[in-house]
There are 2 protein chains.
Amino acid sequence: MARRSEHSREELKEMALAAAEKILDEEGLAGLSTRKVAAAMGYTVGTLYLVFRNLDDLILQLNAQRLDDLYEHLFMIRQGNDSPQEVVKTLAHFYIQYAREHPAAWHLLFSFRMPQGQALPGWFEARIARLFALVEEQLGRLGLKLDRQGLKLAASTLWSGVHGVCDLSVGDKLSLSGNTKPEELIDSLIERYISGLVHDTE
Amino acid sequence: MARRSEHSREELKEMALAAAEKILDEEGLAGLSTRKVAAAMGYTVGTLYLVFRNLDDLILQLNAQRLDDLYEHLFMIRQGNDSPQEVVKTLAHFYIQYAREHPAAWHLLFSFRMPQGQALPGWFEARIARLFALVEEQLGRLGLKLDRQGLKLAASTLWSGVHGVCDLSVGDKLSLSGNTKPEELIDSLIERYISGLVHDTE
DNA sequence: TTGACTATCTAAACGCTGTTTACTATCTTA
DNA sequence: TAAGATAGTAAACAGCGTTTAGATAGTCAA
């Protein structure tokens, strides 16, 4: 006991986040606890509190990492040569697949709320804004008569909508008839919204 | 102690749900606990377990009550003589206001997940479906060339989208520039989507 | 009216949780 | 080599969801 510097603080952080991620994927949200994370990294809880302020802090860091990962993937997708509409669809399809593959982690990402009306840290909000910017970029390619503000609003709207479908779908709150897939809703949303956007701004 | 039948089982249930609701509104999600609910009704935890299977069951009942309340209000709104688009907007505006007024309860309503991939009870899913049906009814009034299935898909899509805006907005994940209100996103979503729907199904 | 039975409710326990504390063992520096 | 700082642990605390045994009060038959 009391090993000295076997792992740097940064390493400990990485280990903790990796352990937490694994627990979430394997046992779901209910399985996540400080003791389990600590045990999985071969330490005790106390050590965890040398690296994170508390569990909320750990979750926030985990969520930030998820957002980075998500952004990285979506950023790659964006570089295709398809029409803006197709690119947005591909982005959205990746988004929902990501949610389906890591339901607990995804749920934690968006269901997480700061305690007592405290605001999210700026660096966290920035990571979310970056995702919206990817959609905004595609809408910009449509060449509509919209200023920056209007474009931003449209992108936020469209992506929030996509998010809503993912949220309800992954949370099993969408009782879809027959074998309708949530992807159909996503496609419908993107197609109709963009179509409406094109028609209404002429 | 050991009072006999001072309150019927149904009364106890009502008292528990009312107490839970009050705690949620006043202390947020983190403040909700079986002991607090029991104390607020003047009983001990044990009694709570005579009425509910467990906390998840209590939450589920609470959520069902919320959905009923929500439906009742939205059902009234629906009876206006405005255009379908306007009615849907009014429905959505009420929806987000409801979310804003009871953020914790609303969050609990949609962030609640059954344990271990268990499915939601049928009576719960039915209550959700009822909400979507209200939107479907309005889209039906548009007189589009859409069969029942297509109408259902469109309604699910549109309302999921509205839900997404509410979710991100109430969860503070929408960093809106300036003094943009989430209602603007909702209106944009409804207007554009319906506009696209009208244009694309001709 | 008494006694047995049953339903109602409580108190206490169990194992878990997040978090803090006192402490020990190790490494670093003088 | 001694002193000090750091890394890590073990144990405690209050609170959690849930279960248990037991006590109390009401009901009904004799």
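Readers should treat all values here as calculations from the given coordinates under stated rules, not as data from a laboratory. The model shown is predicted, which means the values in this text are computed figures rather than measured ones. For neighbour counting, all protein chains shown are included, and Cβ atoms are generated from backbone atoms with ideal geometry for every residue, glycine included.
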- Using a label position 7 Å from Cα in the Cα→Cβ direction, what is the ascending list of nm distances from A:Gly42 to the same site in the other copies? 5.9
- Item | Anisotropy class of the range B:53-124 from Cα gyration tensor, a/c 1.5 cut | prolate
- Candidate cut points under trypsin sites (Lys or Arg not before Pro) in the range B:16-109, DSSP loop plus at most 10 other Cβ atoms within 10 Å of their own Cβ, are B:Arg53
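Magnitude of the Cβ-charge dipole of the range A:63-200, K/R +1 and D/E -1, about the Cα centre, nearest 20 debye?
Working: 14 positive and 17 negative charges, 57 e Å.
Value, rounded to 20: 280 debye.
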- Ascending list, in nanometres, of distances separating the B:Gln118 label from those of the other copies (7 Å, Cα toward Cβ): 3.2
- Message: If every alpha-carbon in chain B counts as one equal scatterer, what log10 I(q)/I(0) does Debye give at q = 0.13 1/Å?
- Response: -0.80
- Message: Tell me which GluC sites (Glu not before Pro) from the range A:1-68 have a DSSP coil assignment and no more than 10 other beta carbons within 10 Å of their own.
- Response: A:Glu6
- Item | Net charge, B:Gln65 excluded, C-beta distance under 11 Å - Lys, Arg +1, Asp, Glu -1 | -2
- One finds, for B:Arg148 and A:Leu146 with R0 = 35 angstrom and r their Cβ-Cβ distance, a FRET efficiency to the nearest 0.05 of 0.50
- Message: List, shortest first and in nm to one decimal, how far the label point of B:Ala30 (7 Å from Cα along Cα→Cβ) is from its counterparts in the other copies.
- Response: 2.3
- Query: Relative contact order of chain B: what whole-number percent is it, with Cα pairs under 8 angstrom and at least 6 residues apart?
  - Reply: 20
- For the range B:138-202, which trypsin sites (Lys or Arg not before Pro) are in a loop by DSSP, counting at most 13 other Cβ atoms within 10 Å? B:Arg141, B:Lys145
